[in-house]
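Peer 1: Quick one: this structure, given as structure tokens, is what I'll be asking you about.
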Amino acid sequence: MRWEGQPESENVEDRRGMGPARVGGIGGLGLGGIVLILAVSYFTGTNPLTLIDMLGGVQSMSPDQSDEAAPTGPIGDQLGKFASVVLADTELTWQQLLPTVGRSYENPRLVLFTGGVQSACGATSSAVGPFYCPGDRKVYLDLSFFNEMSHRLGAPGDFAQAYVIAHEVGHHVQNLLGIAEKVNRLQRQVSETEGNALSVRMELQADCLAGVWGHHAKHQRNLIEPGDFEEGLRAAAAIGDDQLQKMARGYVRPESWTHGSSEQRMTWLRSGLETGDPRACDTFSSTRL
């Protein structure tokens, strides 16, 4: 990606080095959580589905409970600057696009932390990976996760990292549009299997919305270099539920999926990358995922 020298977001809170989060509930399991769970499973021998059961799920919302006031402003280190640039570029994309589907865009905040963090979704360990908390409209990211992606999961590259951030911003878009609230309400009314199916559609839509950002980063601002989109697609393929289940059990149980298969995740990310249109991301109306 041609990101160096690009504008940085003013909506970044740097909480790194401010101490671990207080003991409490675990926040929602995001795209990054699945990737990191696979790494932990591989190196510890723990069943990844057991880790998902331990860390997964959306916690009930509570008032914003930040550890303490975090400084905002320019970020000093290279990886922090990268995350800030990606966030700024997603802001440009969604400020332009969200009004076309009937909603003005409100920028989320990106919280950088180490080890653990307190959010409106509870106290959360870095073990769950990057996540979005609807309660405070913030994306939470421990940058050490990118090292795990590159060196342990075989998903290197700056666009693979940008895809992770853009996916969580996609959840913010869903929150603004009221999609997240509707899905959460429906999940409380249906069986676990049906709730899982709704979760899959949510996650695949966030993948597609991440691709929509990538499309505009390429065609409007020339940030994308040859091979970048392939990096993102490889990252999506590495975290499919079928891949996790094959590694854990040697067989696949689609009724228990919460994020979608490798093929599905690649398909919907590619749809966003190719069209650049959020209306192409209606996973809830699609008869075939």
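The values are calculated or read from the model by the stated rules, or taken from the named source; none is laboratory data. Keep in mind that what you see is a predicted model, and the values were worked out from it rather than measured. Neighbour counts are summed over all protein chains in view; Cβ atoms, including those assigned to glycine, are modelled from backbone coordinates with ideal geometry.
Peer 1: How many residues does the range 196-212 hold that are among the charged types (D, E, K, R) and closer than 16 Å to residue 182 by Cβ? Talk me through it step by step, then tell me what you get.
Peer 2: Within the range 196-212, the subset among the charged types (D, E, K, R) is 201, 203, 207.
Okay, now just the ones that are also closer than 16 Å to residue 182 by Cβ, so 201, 203.
Residues that pass the stated criteria total 2.
Peer 1: Report, ordered by the first and then the second residue, all pairs with beta carbons closer than 8 Å, sequence separation of six or more or different chains, a first member in the range 204-216 that is buried (at least 24 other Cβ atoms within 10 Å of the Cβ), and a second member that is among the hydrophobic types (A, V, I, L, M, F, W, C) and not in a helix (DSSP H, G or I).
Peer 2: Final answer for the pair search is 204/289; 205/284; 214/224.
Peer 1: Another question, if that's okay. Could we say that residue 140 is in contact with a Cys (Cβ under 8 Å, 6 or more places away or on another chain), under 30 Å from residue 279 (Cα atoms) and hydroxyl-bearing (Ser, Thr, Tyr) here? Outline the logic, then answer.
Peer 2: On the way: in contact with a Cys (Cβ under 8 Å, 6 or more places away or on another chain): yes; under 30 Å from residue 279 (Cα atoms): yes; hydroxyl-bearing (Ser, Thr, Tyr): yes.
Against the criterion (in contact with a Cys (Cβ under 8 Å, 6 or more places away or on another chain), under 30 Å from residue 279 (Cα atoms) and hydroxyl-bearing (Ser, Thr, Tyr)), residue 140 qualifies.
Peer 1: Limited to the range 97-144, what total is found for residues that are in a loop (DSSP other than H, G, I, E, B), of a type in the set (Phe, Trp, Tyr) and under 20 Å from residue 75 (Cα atoms)?
Peer 2: Residues that pass the stated criteria total 1.
Peer 1: Would you check which residues across the range 238-289 are charged (D, E, K, R) and out of contact with any Ser or Thr (no Cβ under 7 Å at 6 or more places or on another chain) and list them? Walk me through it before giving the result.
Peer 2: Our first condition is that a residue be charged (D, E, K, R); within the range 238-289, this holds for 241-242, 246, 249, 253, 255, 263, 265, 270, 274, 277, 279, 282, 288.
Answer for the range 238-289, where residues must be charged (D, E, K, R) and out of contact with any Ser or Thr (no Cβ under 7 Å at 6 or more places or on another chain): 246, 249, 253, 263, 265, 270, 274, 277, 279, 282, 288.
Peer 1: Within the range 168-175, identify whether any single residue is surrounded by fewer than 24 Cβ atoms within 10 Å (Cβ to Cβ) and either more than 17 Å from residue 9 (Cβ to Cβ) or not hydrophobic (A, V, I, L, M, F, W, C) (or both), and answer yes or no.
Peer 2: yes
Peer 1: I've got another one for you. Could you tell me which numbered condition residue 159 fails, if it satisfies all but one of (1) out of contact with any Asp or Glu (no Cβ under 9 Å at 6 or more places or on another chain); (2) in a helix (DSSP H, G or I); (3) more than 22 Å from residue 202 (Cβ to Cβ)?
Peer 2: Result: residue 159 fails condition (1) only.
Peer 1: Give me the pairs: first residue in the range 245-263 and under 22 Å from residue 288 (Cα atoms), second residue of a type in the set (A, V, I, L, M) and assigned to a helix (DSSP H, G or I), beta-carbon distance under 6 Å, and six or more apart or on different chains, which are they?
Peer 2: As it stands, the answer is 257/200; 259/34; 260/200; 260/204; 262/237, since those pairs meet every condition given.
Peer 1: I would also like to ask the following. Would you mind finding the one in 147, 196, 175 that is at pLDDT below 95, within 19 Å of residue 268 (Cβ to Cβ) and over 12 Å from the mean Cα position of the chain (by Cα)?
Peer 2: 196
Peer 1: Still on this model: Can you tell me which residue within the range 247-266, out of those that are out of contact with any Gly (no Cβ under 9 Å at 6 or more places or on another chain) and not small (Gly, Ala, Ser), is surrounded by the most Cβ atoms within 10 Å (Cβ to Cβ)?
Peer 2: Restricting to residues being out of contact with any Gly (no Cβ under 9 Å at 6 or more places or on another chain) and not small (Gly, Ala, Ser), the top hit is 252.
Peer 1: Now for a different question. Give the residues of the range 217-229 that are of a type outside the set (Asp, Glu) and crowded, with 20+ Cβ neighbours inside 10 Å, sorted by residue number.
Peer 2: 217, 223, 224, 229
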